[in-house]
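The values are calculated or read from the model by the stated rules, or taken from the named source; none is laboratory data. Worth saying up front: this structure is predicted, and the values here are computed from it rather than measured. Cβ: placed from backbone, ideal geometry, glycine included. Neighbour counts: every protein chain shown.
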Amino acid sequence: MTIKRKILAAILALALPLASPVLASEQAVTFVQNNVSKVLQVLSDPALGDVQKGKLFSEVITQVTDVDVIARFVLGQYAATASTPEFERFARVFRGYALGVYQSELSRFGNEVLEVQSVQERKPGDSVVLTRISGGALSKKSRDVKWRVITIKGTPRVVDIEISGVWLSQHQRAEITGIITKNGGQISAATKMLCSQSKTCTVTG
């Protein structure tokens, strides 16, 4: 191999590893732009009744987020010791709770314009996309919202949202692990607490 070719090969070797994070960041931005707008459109559609809106929101947000990943995150250190039945019970109840929280927090937006301001690559496949929501009901004041997007099995998914300076999943983690700790490490205590906040939830076992 000539010296010229060796230099070219070295340059390519350095450049190729850097290409993946850039593409991942771009993928995260595109994902947020395309999918968050759909979520906001559902919540702001005046033609939808509360029941229909809740059902459509659940369907759309489930495609945007990965609730099982979030459920493991909010369990903190207790996720490692949870049995399969314990986690499945918790994840089922947490899903309903989390969807309610997301709907409540995002319902304040809708007809506004969502613009991506920047993206921060935390590590390959893990990005934070900063968006600014303005117009509509926020005509006098825009709102910055951050979306943490990770790539799960090749597909981007939102795993946390920062609104008004508070990361929802991190806040939920502090609350849920605190309850488990106070109850001697029993995950069922957190499951029952979340279930008690829903009119349709029942926990057995």
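Observations, loosely collected:
- Of the listed requirements (1) in contact with a Lys or Arg (Cβ under 7 Å, 6 or more places away or on another chain); (2) surrounded by fewer than 15 Cβ atoms within 10 Å (Cβ to Cβ), residue 52 misses just one: (1).
- Residue, surrounded by the most Cβ atoms within 10 Å (Cβ to Cβ), within the range 74-86, restricted to residues that are of a type in the set (A, V, I, L, M) and part of a helix (DSSP H, G or I): 74
- Set 181, 177: member being farther than 19 Å from residue 43 by Cβ, at pLDDT 95 or above and crowded, with 17+ Cβ neighbours inside 10 Å: 177
- Here 127, 134 are screened, and the one residue that is hydroxyl-bearing (Ser, Thr, Tyr), within 17 Å of the chain's Cα centre (by Cα) and in a strand (DSSP E or B) is 127.
- Which numbered condition residue 68 fails, given (1) surrounded by fewer than 17 Cβ atoms within 10 Å (Cβ to Cβ); (2) closer than 15 Å to residue 147 by Cα; (3) at pLDDT 85 or above: (2)
Residue-wise test of (1) of a type in the set (D, E, K, R); (2) surrounded by fewer than 17 Cβ atoms within 10 Å (Cβ to Cβ); (3) in contact with a helix residue (DSSP H, G or I) (Cβ under 9 Å, 6 or more places away or on another chain).
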site: 47; (1), (2), (3): no, yes, no
site: 57; (1), (2), (3): no, no, yes
site: 88; (1), (2), (3): yes, yes, no
site: 102; (1), (2), (3): no, no, yes
site: 125; (1), (2), (3): no, no, yes
